[in-house]
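The values are calculated or read from the model by the stated rules, or taken from the named source; none is laboratory data. Please read all numbers here as calculations on a predicted model, not as lab measurements. Here the Cβ positions follow ideal geometry from the backbone for every residue, glycine too, while neighbour counts run over all protein chains shown.
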Amino acid sequence: MSENKSNYSANNIQALEGLEAVRKRPGMYIGSTDTKGLHHLVWEVVDNSIDEHLAGHASHIDMIIHKDNSITVVDNGRGIPTGMHEKLKKSALEVVMTVLHAGGKFDKDTYKVSGGLHGVGVSCVNALSSYLRAEVHREGKIFEQEYAQGKPTGEVKEIGESDKNGTTITFKPDGEIFESLVYNFDTLAARMRELSYLNKGLHLKLTDEREENEEGGYKSAKFYSEGGLKEFVAFVDESRTPLISTPIYVTGKEDNVEVEVAMQYNTSYSENIYSFVNNINTREGGTHVSGFRRAVNRVFSKYAEDNGLFSKLKFKVSGEDFREGLTSVVSVKVPEPQFKGQTKGELGNQEVTGIVSRAVGEVLAHYLEENPKDSKRIVEKVILAATARHAARKAREMVQRKNVLTGSGLPGKLSDCSSKDPGESEIFLVEGDSAGGTAKQGRDRTFQAILPLRGKILNVEKALEHKIYENEEIKNLFTALGVSIEDKDGERVLNIEKLRYHKIVIMCDADVDGSHIVTLILTFFFRYMKPLIEQGFIYIAAPPLYLVKKGNTKVYAWNEEERKEIITNMGGPETSGIKTQRYKGLGEMNADQLWETTMDPEERILRQVTIEDANESDRIFSMLMGDEVPPRRRFIETNAKYANIDV
Ligand code: 0RA
C-alpha cells in the first residue's frame with residue numbers, strides 16, 4: 001500500500017448525518033439497547049483499532065472495564081487525525097467523533113476491512129454515551145476532547161507532548177439509552193480471544209477494575225496468537241482427539257479478497273465450521289462457506305475415486321460425510337462485503353465462492369498427495385461416516401414408520417394439552433416420573449403438556465447417531481415435539497413445520513444433578529435441533545430454592561440474596577419464628593406449589609435459551625460432554641465458584 005495514497009488528510013472525511021438520529025433510533029445503528037447492544041459499543045471502537053493493525057500501524061490494543069462500567073480502549077495506531085477540516089472549520093478529531101459515518105470508512109481511498117456488519121463508527125458510540133473522552137497521541141503531541149451524549153463539552157485541547165502514536169477512548173454508556181449498563185468480562189474476553197486468532201501478531205489485553213485478584217492487582221487476561229487460525233482450530237478442538245498431526249492450513253489472495261482457512265479432523269461425529277468475514281462471525285455461513293465445502297467435496301471425491309477407495313460401498317458418499325469430525329475456520333477479508341439473511345449473518349458476494357474454492361482446493365489436493373498416511377485415515381473416517389449415516393437413516397425411518405402404524409404416534413408417557421395451537425402450547429420436559437406426576441397434577445391442561453424424561457438422558461456428544469434414534473427418551477422427544485430430521489440433497493435438515501409447542505421448557509431440580517441433566521438435554525437440542533434454540537423455542541424453568549415461613553406467611557426465594565431480604569422484611573434473623581425450607585428437588589413441592597412457583601405464567605421465571613455465542617457454547621459443550629478430561633477439569637476449576645454446591 002503506498003503511503004501517499006493511503007495518507008489521510010482531514011479533508012477526506014465526509015459529513016453525512018447528525019447524531020440525533022442515533023439517539024432517537026439506537027436499535028437501527030447498534031442492533032439493540034440490551035446487553036448485546038451495550039457490548040456492541042465496545043466492538044465499534046475496537047474495530048477502528050483493528051483497522052489500524054490491519055493497515056500495519058497498531059500492535060497493541062488494551063481494554064479496561066472501570067469500576068463504574070465505563071470502558072477505555074487504548075491502541076498504538078496512527079491516532080485520529082487532529083488537523084483542521086477545511087470545509088467544516090473544525091478539528092478532524094471533532095468531526096470523526098461527532099459526525100455519523102465520518103470515520104473515513106465511506107471514503108473509497110481509505111481501505112477498510114474490519115467491521116462491516118454494523119460498522120457505524122465511533123461517533124455512534126459517542127452519541128450513545130453520557131460521557132466520552134478521546135485522547136490522541138500524534139505528531140509529538142497529546143490532544144484531548146470531551147463529549148456528553150455526542151456533543152463536545154469543550155474544544156480540542158493540546159495537553160502535552162508524546163513520543164508515541166495512538167488513540168485512547170474512554171466512554172460511559174448512557175443510562176437513558178441502555179437497559180443494562182453492566183459489562184460482562186467473559187463476553188469481552190471471548191471476543192478478544194477470537195480477535196487474537198483472527199489477527200495474528202496483535203496483542204490484546206483486558207483488565208477488569210471491578211475485581212481484584214489475590215495479589216491485589218486487577219483481574220486481567222492477555223490474548224496473542226502467533227499461528228492465527230491454526231491455533232484457533234486447536235483451541236476449539238481442545239477437548240477432541242485429533243485425527244491428523246497438524247491442521248491443514250490455507251492462505252490465498254485473489255482480486256483483493258484474502259482467504260485464510262485452517263482445518264482439522266477429529267474423532268468426533270460433528271461438523272464445526274466457524275466462518276468470518278472481516279473479523280465478523282457469519283453464523284449463517286454464505287458464499288465463503290459454500291466455496292470451502294465445494295472444495296472439500298470435489299478434492300476428496302476425486303482423490304477417493306482416483307484411488308478406488310469407494311469401490312466397495314453400496315451407497316453414495318455425501319458432502320456431509322466428508323465433513324464429519326471436521327473442525328474448520330474459514331476467514332475472508334472482503335473490501336465491500338454484502339450481508340444477507342435474517343440476522344445479516346450470511347455473506348452474499350458471489351465472487352467469493354470461486355475464490356475460496358480455488359484456494360482451498362489447491363492446497364487440499366497437494367496435501368492429500370503429500371500425506372498418504374493422513375489421507376488414508378481421513379478417507380477411512382469418511383467411509384465410516386457414510387456407513388453410520390446410512391444406518392442412522394434406516395433407524396430414523398423405522399421410528400417414523402412405527403409412528404404411522406400406532407395412529408396418533410404420540411408417546412404413551414406424554415400428557416398432552418388440549419389446545420392444538422402451537423403458538424399457545426407449552427411442553428414441560430421433566431426430570432423423572434415422580435416430578436412428572438406432580439407437574440401433571442399442577443399444570444393447566446388446556447395449554448401445558450408434560451413429558452417426563454428418565455433421569456440421565458443419552459449423552460449425544462459421545463453416542464453414534466443411529467443409537468440416538470433408537471433411544472427411547474429421544475424418540476419420545478421427536479414424536480412429542482412433532483419434528484423430524486429429513487434428508488435434503490444428502491444433508492440432514494430439521495423439519496419444524498409441525499412443531500406442536502412454541503414453548504419447550506426444561507424443568508429440572510435446582511441442584512448439581514439437575515444442572516447436569518439440563519446440560520445433557522441442551523446438548524441434544526444443540527446438536528440435533530439447533531433451529532429450535534435459534535428461533536427461541538427453548539426455555540429453562542427456574543424452581544425456587546427456598547420457602548421462608550413465618551406463621552401463615554409464606555414467601556419463596558430464588559436465591560440467597562432474596563432469602564436474606566425476605567427474612568429482613570419479616571423482622572430479621574433474630575425473630576427465629578422464621579423458618580427456611582430449602583427445596584432440594586421438584587419432588588419436595590406439591591402440585592399447587594409447583595404450579596404457583598414454576599409453571600404459572602403469571603408468577604414463574606423462565607430463562608430463554610439463546611445462542612448468544614454459538615461458538616463458545618459449542619466449545620463448552622464438547623468440553624463438558626466430550627472425551628478429554630484435563631480441559632474439563634480446568635474448566636470446572638476456574639468456574640468452580642459459580643457451581644451450585646449442594647449442602
Ligand atoms: C480516521 C482516520 C484515520 C484513523 C482513524 C480515524 C482512527 C480512529 C480510531 C478510533 C480508535 N482508534 C483509532 N485509530 C485511528 C487514519 C489516520 C491517518 O491516515 O493518519
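Identify, by number, the condition in (1) more than 12 Å from the ligand (Cβ to nearest atom); (2) modelled with pLDDT under 95; (3) crowded, with 24+ Cβ neighbours inside 10 Å that Thr98 doesn't meet.
Condition not satisfied by Thr98: (3).
Could you say whether any residue in region 325-348 is of a type in the set (Asp, Glu) and assigned to a helix (DSSP H, G or I)?
No, because not a single residue in region 325-348 is of a type in the set (Asp, Glu) and assigned to a helix (DSSP H, G or I).
Going residue by residue through region 31-39, is there one that turns out to be buried (at least 22 other Cβ atoms within 10 Å of the Cβ) and either at pLDDT 95 or above or within 13 Å of the ligand (Cβ to nearest atom) (or both)?
yes
Which residue pairs have Cβ atoms under 6 Å apart, sit 6 or more places apart or on different chains, and have a first residue in region 475-488 that is farther than 16 Å from Pro531 by Cβ and a second that is in a strand (DSSP E or B)?
Ala480/Leu451
Which residues, taken from region 65-80, are under 25 Å from Leu195 (Cα atoms) and either away from the ligand (no atom under 13 Å from the Cβ) or assigned to a loop (DSSP other than H, G, I, E, B) (or both)?
Hits for region 65-80 are Ile65, His66, Lys67, Asn69, Ser70, Asn76, Gly77, Arg78, Gly79, Ile80.
Of all residues in region 48-64 being of a type in the set (S, T, N, Q) and within 8 Å of the ligand (Cβ to nearest atom), which is surrounded by the most Cβ atoms within 10 Å (Cβ to Cβ)?
Checking each candidate, the answer is Ser49.
Since Glu44 meets every condition but one in (1) in a helix (DSSP H, G or I); (2) among the acidic types (Asp, Glu); (3) at pLDDT 95 or above, which condition does it not meet?
Condition not satisfied by Glu44: (3).
Is it true that some residue in region 507-522 is within 28 Å of Gly319 (Cβ to Cβ) and out of contact with any strand residue (DSSP E or B) (no Cβ under 8 Å at 6 or more places or on another chain)?
Scanning region 507-522 turns up no residue that is within 28 Å of Gly319 (Cβ to Cβ) and out of contact with any strand residue (DSSP E or B) (no Cβ under 8 Å at 6 or more places or on another chain).
Enumerate the pairs (first residue in region 338-356 and charged (D, E, K, R); second residue anywhere and surrounded by fewer than 16 Cβ atoms within 10 Å (Cβ to Cβ)) with beta-carbon separation below 6 Å, excluding pairs fewer than 6 apart on the same chain, so at least 6 apart or on different chains.
Filtered contacts from region 338-356: Lys340/Gly348; Glu346/Lys340.
Go through Met570, Met599 for me and flag whichever is surrounded by 17 or more Cβ atoms within 10 Å (Cβ to Cβ) and either in contact (Cβ under 8 Å) with a residue 40 or more places away in the chain or under 30 Å from Tyr274 (Cα atoms) (or both).
Among Met570, Met599, only Met599 is surrounded by 17 or more Cβ atoms within 10 Å (Cβ to Cβ) and either in contact (Cβ under 8 Å) with a residue 40 or more places away in the chain or under 30 Å from Tyr274 (Cα atoms) (or both).
Residues that are within 30 Å of Lys312 (Cβ to Cβ) and either at pLDDT below 95 or within 33 Å of the chain's Cα centre (by Cα) (or both): which helices (runs of 4 or more DSSP H) entirely in region 384-487 hold 3 or more of them?
Of the helices (runs of 4 or more DSSP H) lying wholly inside region 384-487, those with at least 3 residues that are within 30 Å of Lys312 (Cβ to Cβ) and either at pLDDT below 95 or within 33 Å of the chain's Cα centre (by Cα) (or both) span 465-470.
Could you tell me which of the residues Val22, Val45 is in contact (Cβ under 8 Å) with a residue 60 or more places away in the chain, within 12 Å of the ligand (Cβ to nearest atom) and over 20 Å from Lys141 (Cβ atoms)?
Val45
Residues that are touching a Ser or Thr at 6+ places or on another chain (Cβ under 6 Å) and either more than 10 Å from the ligand (Cβ to nearest atom) or free of Cβ contacts under 8 Å to residues at least 60 places away in the same chain (or both): which strands (runs of 3 or more DSSP E) entirely in region 120-169 hold 2 or more of them?
Fully inside region 120-169 and qualifying: 129-138, 141-148.
Take Gly325 and tell me if it is within 27 Å of the chain's Cα centre (by Cα) and small (Gly, Ala, Ser).
Answer is yes for this residue.
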